[in-house]
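In what follows, a structure is listed as structure tokens, so that the remarks can point back to it.
The values are calculated or read from the model by the stated rules, or taken from the named source; none is laboratory data. Owing to the predicted nature of the structure, the values given are computational and were not obtained by experimental measurement. All Cβ positions, even for glycine, are placed from backbone atoms using ideal geometry, and neighbour counts span all protein chains on display. Protein only, heavy atoms only, side chains kept; ligands, DNA and RNA dropped before computing areas. Shrake-Rupley method; radii C 1.70, N 1.55, O 1.52, S 1.80 Å.
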Amino acid sequence: GAGVSQSPSNKVTEKGKDVELRCDPISGHTALYWYRQSLGQGLEFLIYFQGNSAPDKSGLPSDRFSAERTGGSVSTLTIQRTQQEDSAVYLCASSLALQVIYEQYFGPGTRLTVT
Amino acid sequence: AQTVTQSQPEMSVQEAETVTLSCTYDTSESDYYLFWYKQPPSRQMILVIRQEAYKQQNATENRFSVNFQKAAKSFSLKISDSQLGDAAMYFCAYRSLDFGNEKLTFGTGTRLTIIP
């Protein structure tokens, strides 16, 4: 079956512009996660959704970052007024539910470059 | 807060040999899960193996096995009979069982090179 998909695969934007990153989870997966992978770093947790609700937004690096999920499916991560330090690979994952016994399946990520 | 440390940024191994990747973590919790993920150049993270902290028996998946030392907070990954397809970044990750803490906490990764 189809896995987690993300679009765009790569995005180059100018400093100060807004960007939207999209994640399509595996059908039927109620839990969705966003992570950021900066060069030479591990993955940094940003936010997770259970259905359309995001109980914990404390992982978002600043108020320029926001995320939403509609219909319990597609999620969008928006970065406003992008800065060079936002350059990273943004990875999305989904799982059947939040419980740890359910594996998180990752998408291929979006590589964001801010010039 | 939990932390995960991978002290080997890069490792290499001859094809068909065995290699061990190290991971240590810090937590005050008694129950948790540990994972090893593989990230090939395609960027897609793939689960390699998982270990429940309450299980004393080390997890194994074909050529992959772990050495879980709970008291030492150590969780190393052993890859036997290394193959060219094993070349990738490997990340160790921790997950709490606490409600409201559903994230994975990752180490900084180890890049594994397989020498033909």
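Enumerate by residue number the GluC sites (Glu not before Pro) in the range A:1-106 meeting two conditions: DSSP loop (anything except H, G, I, E, B), and at most 13 other Cβ atoms within 10 Å of the site's Cβ.
For GluC sites (Glu not before Pro) across the range A:1-106 that sit outside H, G, I, E and B with at most 13 neighbouring Cβ atoms in 10 Å, the list reads A:14, A:103.
Under 22 Å Cα-Cα from residue B:78, which lysines qualify once same-chain neighbours fewer than 8 residues away are excluded?
Answer for residue B:78, where 22 Å is the Cα cut-off: B:38, B:55, B:70, listed by chain and number.
Within a Cβ distance under 11 Å of residue B:46, other residues only, what is the Lys/Arg minus Asp/Glu net charge? Don't jump to the answer; show the numbers that get you there.
Numbers: positive: B:38, B:43; negative: A:103.
Once all neighbours under 11 Å are counted, the net charge is +1.
In square angstrom and rounded to 100, what buried accessible area do you get between chains B and A, total over both, with the probe at 1.4 Å?
On the way: alone 6650 and 6210 Å², together 11000 Å².
Heavy-atom accessible area buried at this interface is about 1900 Å².
For residue A:114, what charge total do you get from the other residues with a beta carbon under 15 Å from its beta carbon, if Lys and Arg give +1 and Asp and Glu give -1? Write down the numbers at each step before the final one.
Values: positive: A:11, A:15, A:17, A:36, A:64, A:81, A:111; negative: A:14, A:18, A:20, A:85, A:86.
Around residue A:114, the charge tally is +2.
Where only protein heavy atoms count, and the probe is 1.4 Å, what is the accessible area per residue for chain B in Å²?
Working: 5700 Å² over 116 residues.
Using a 1.4 Å probe on heavy atoms only, each residue of chain B averages 49 Å².
Using a cut-off of 20 Å between alpha-carbon atoms, which aspartates and glutamates can reach residue A:15, once sequence neighbours fewer than 8 places away in the same chain are excluded?
Counting by Cα, and skipping residues close in sequence, residue A:15 has these aspartates and glutamates nearby: A:63, A:85, A:86.
Could you sort out which of A:11/A:57; A:11/B:73; A:17/A:57 sit more than 31 Å apart by Cα distance in this structure?
On the way: A:11/A:57 24 Å; A:11/B:73 39 Å; A:17/A:57 22 Å.
In this structure, A:11/B:73 lie more than 31 Å apart at Cα.
Ignoring ligands, DNA and RNA, what percent of the 1.4 Å accessible area of chain A is carbon and sulfur? If you can, show how the numbers build up before the last one.
On the way: 2430 of 5300 Å².
Here carbon and sulfur together make up 46 percent of the probe-accessible area.
Starting from the range B:34-84, pick out the chymotrypsin sites (Phe, Trp or Tyr not before Pro) whose DSSP state is loop and whose Cβ has at most 16 other Cβ atoms within 10 Å. Please report the intermediate quantities before stating the final value.
Working: sites: B:35, B:36, B:37, B:54, B:64, B:68, B:75; in loops: B:54.
Qualifying residues, ordered by number: B:54.
Please sort by residue number the trypsin sites (Lys or Arg not before Pro) in the range A:26-115 whose DSSP state is loop and whose Cβ has at most 14 other Cβ atoms within 10 Å. Present the calculation step by step, with values, prior to reporting the outcome.
Values: sites: A:36, A:57, A:64, A:69, A:81, A:111; in loops: A:57, A:64, A:81.
Loop-located and lightly packed - A:57, A:64, A:81.
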